[in-house]
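A short worksheet on the structure shown next.
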Amino acid sequence: MRCIEMQSIGRAAVTERPVPVREPGWALVDVLACGLCGTDRHILRGEYPSRMPLVLGHEFGGRVREADPDSRWRAGDLVTIDPNIACGSCDHCRAGRVALCPDRYALGVDIDGGLSEVVAVPETQLYAASGIDPLHLAFIEPLACCLRGMDLAGLQGGESVAVIGGGVMGQLVVQLAALAGASRVTLITRQASRRSLAETLGATDSAAPDAADRDLGRTYDVVFECAGVLDTVAQALRLARRGGSVILLGIPPEGATLPVSPFALVVDELRLQGSFLNPLTQERAAAVVRDGALNLDALISRRLTLDEVAEVLASDPGEGDIKYVVEPTGRPAVPSIP
Ligand SMILES: [Zn+2]
Ligand SMILES: [Zn+2]
């Protein structure tokens, strides 16, 4: 089988490997779609701890090729995969906080992932994806992370919401906030094309960052930070109204710090809340995608074959691009009729 193997820092290439031998409790999956994400670039640059050699890719789904005969899975089942594998027995896991498990590891980060024709996956990580467009399987993991952020925000309808960052997370949160009944959804990002895209997806308005500081003021009940940049975290705190919440979904650089006024947090009753990974939200994300409530096609900037991945990962994403989706097993010559 062919896969994208990271052999050393900065070096990833198409590699031929034997199809993995299935272990008990694991399934083999033929990968139909795998999203590329900023984390893949961080791993490749050595900015995120990982094992090597490693098959990259943690946002993927496909068809079961082989599973335990006594499991609920059968060859041909369409599945989405939660790439984050928690121990299941520590205090955090037993309280449902699986993202905080100290022994958590991930497909595509610590063990071989989905940028491959075939991937071995623990059956505990599989979720049914029947009825979902195979290309949309690449969105379920990032969407599951966004659902975690939505859970923490606790929107009840009618709130004013600002979303900072116009990448895939920002564009998904814009859509989820609109679906949750927010009265106003403002996307804040530098790129004009991303702002106009968001306005077609449910944002009521949008602004460049400097215009946001000048014109918007402290008016938002909830601000989602989806860029993972210190400047935008600081901006999120400037946009939240008194009594408002700031939900951090973007991952800022490790070790970076920011001056925050604890006085303002207290007297303004501001809530600053981190949101990490997709704890037990994968199934709901699959349901949201299956329902067709989100426009995901508008977020697909390019469809790639495995042969194109190394070059794309080595360079920065194109201006205005949102999501690259890799189809490791290729595209069917004739579209399948559902
Ligand atoms: Zn990712
Ligand atoms: Zn655990």
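Values quoted throughout were computed directly from the atomic coordinates according to the rules given, and no laboratory measurement underlies them. Just so we're clear, the structure is a prediction, and the values are computed from it rather than from any experiment. Positions of Cβ are generated from backbone atoms using ideal geometry, with glycine treated the same way; all protein chains shown enter the neighbour counts.
Of M52, M6, M150, how do they rank once you tally other Cβ atoms within 10 Å and put the fewest first? Working shown, then result.
Details: M52 12, M6 26, M150 23.
With the fewest neighbours first, M52, M6, M150 line up as M52, M150, M6.
Using Cα-Cα distances under 8 Å and only pairs 6 or more residues apart, what relative contact order does the chain have, in percent?
19 percent
For E123, E311, what's the fewest-to-most ordering of other Cβ within 10 Å of each Cβ?
By the 10 Å Cβ count, ascending, the order reads E311, E123.
Just want the ordering: L277, L179, from fewest to most Cβ atoms lying within 10 Å of their own Cβ.
Neighbour counts put them in this order, fewest first: L179, L277.
Provide the percentage of antiparallel DSSP beta bridges, counting only those with both residues in the chain; round to the nearest 5. Mind showing how you got there, number by number?
Numbers: 31 of 57 bridges.
For the chain, the DSSP antiparallel bridge percentage is about 55.
Which distance in Å, rounded to a whole number, links the C-alpha centroids of region 23-96 and region 146-185?
27 Å
Could you tell me the relative contact order of region 1-87? Use alpha-carbon pairs under 8 Å, at least six residues apart, and round to a whole percent.
30 percent
What's the extension gain from E269 to A128 if we count 0.36 nm per residue and subtract their Cα-Cα distance? Walk me through the numbers before you get to the answer.
Working: separation 141, 0.36 × 141 = 50.76 nm, distance 4.13 nm.
Extending this stretch completely gives an extra 46.6 nm.
Based on the Cα coordinates of the chain, what is the per residue volume of their convex hull in Å³?
141 Å³
Rounding to the nearest 10 and keeping the result within 0 to 90°, find how far the Cα-based axis of helix 282-291 lies from the longest principal axis of the chain.
So the inclination is approximately 90 degrees.
Would you kindly state how much longer the chain becomes between I251 and E23 on full extension, computed as 0.36 nm times their sequence separation minus their alpha carbon distance, in nm to one decimal? Don't skip to the answer; put the middle values down first.
Details: separation 228, 0.36 × 228 = 82.08 nm, distance 3.37 nm.
Between I251 and E23, full extension yields an extra 78.7 nm.
Is there a quick way to get the dipole size of region 146-274? I mean about its Cα centre, with the Cβ of Lys and Arg at +1 and of Asp and Glu at -1; what is the value in debye to the nearest 20?
80 debye
Cβ under 14 Å from D268's Cβ, D268 left aside: what net charge do those residues give with Lys, Arg +1 and Asp, Glu -1?
Local charge sum for D268: +3.
Against the longest principal axis of the chain, how steep is helix 140-153, in degrees 0 to 90 to the nearest 10, with axes from Cα atoms?
The angle comes out at about 30 degrees.
Compare G202, G108, G158 in a GNM of the chain, Cα atoms joined below 10 Å, and give the one with the largest fluctuation.
G158
Tell me which residues come under 5 Å, amide H to amide H, from S275 once H is placed; ignore anything under 5 positions away on its chain.
L248
Give, rounded to the nearest 20 debye, the magnitude of the charge dipole that the chain has about its Cα centre when Lys and Arg contribute +1 at Cβ and Asp and Glu contribute -1 at Cβ.
420 debye
When only Cα pairs under 8 Å and 6 or more residues apart are kept, what is the percent relative contact order across region 146-274?
Working: 270 pairs, mean separation 29.5, N = 129.
Computed value for region 146-274: 23 percent relative contact order.
Can you pull a Stokes-Einstein diffusion coefficient for region 146-274 at 10 °C (1.306 mPa s), Rh from Kirkwood over Cα pairs, as a whole number of µm²/s?
Translational D for this selection: 112 µm²/s.
Could you point to the residue in P102, A285, L126 farthest towards the positive end of the chain's charge dipole, with +1 and -1 charges on the Cβ of Lys/Arg and Asp/Glu respectively?
A285
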